[in-house]
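Structure first, then comments.
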């Protein structure tokens, strides 16, 4: 079941994200950061456990980012990630946003959802504040994709 994240979900969200961060697939997020942005997160819960998460972060009046998409090991390939991203896109439309982007190592996954590859230079500089914390900056090898709503 997909639902909005709640305060008690923060540690489970962080544990999911840490798994991907350790593999260099996303930036780690501190527990404090997750608490501050908990209203931006969705979770997929099964049997009382959080097995997936995603965040929709508003960047500008017409732009948001899908970020922190993570699905627990053993639950991949079941549509959890797709449904979480779709929840973000539905919210983005309801908010009147015109475009959503993602920085990812999984462009095929996002492509199946209607995203198309773009140059990172098309994104506003404001979004790079988190990138500057990354060990890969400025040699980022993530792929930028976006979808027009």
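Values as computed for the structure displayed
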read-out	value
Burial ordering of 75, 116, fewest other beta-carbon atoms within 10 Å first	116, 75
Distance between modelled label sites at residue 95 and residue 149, nm, 7 Å Cα→Cβ extension	0.7
Distance in nm between pseudo-label sites at residue 31 and residue 61 (7 Å out along the Cβ direction from Cα)	4.0
Cβ-Cβ FRET estimate between residue 86 and residue 117, R0 fixed at 22 Å, reported to 0.05	0.65
Computed [θ] at 222 nm, deg cm²/dmol, the chain (DSSP H ≥ 4; -39,500 (n - 2.57); rounded to nearest 500)	-8000 deg cm²/dmol
The chain - percent relative contact order, Cα under 8 Å, separation 6 or more	20
As computed over the chain, the Cα convex hull volume per residue (Å³)	108
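Since every read-out is calculated from the coordinates, none of them should be taken as a lab result. Model, not experiment: these values are computed from the prediction. Here Cβ is always computed from backbone atoms with ideal geometry, including for glycine, and neighbour counts include all displayed protein chains.
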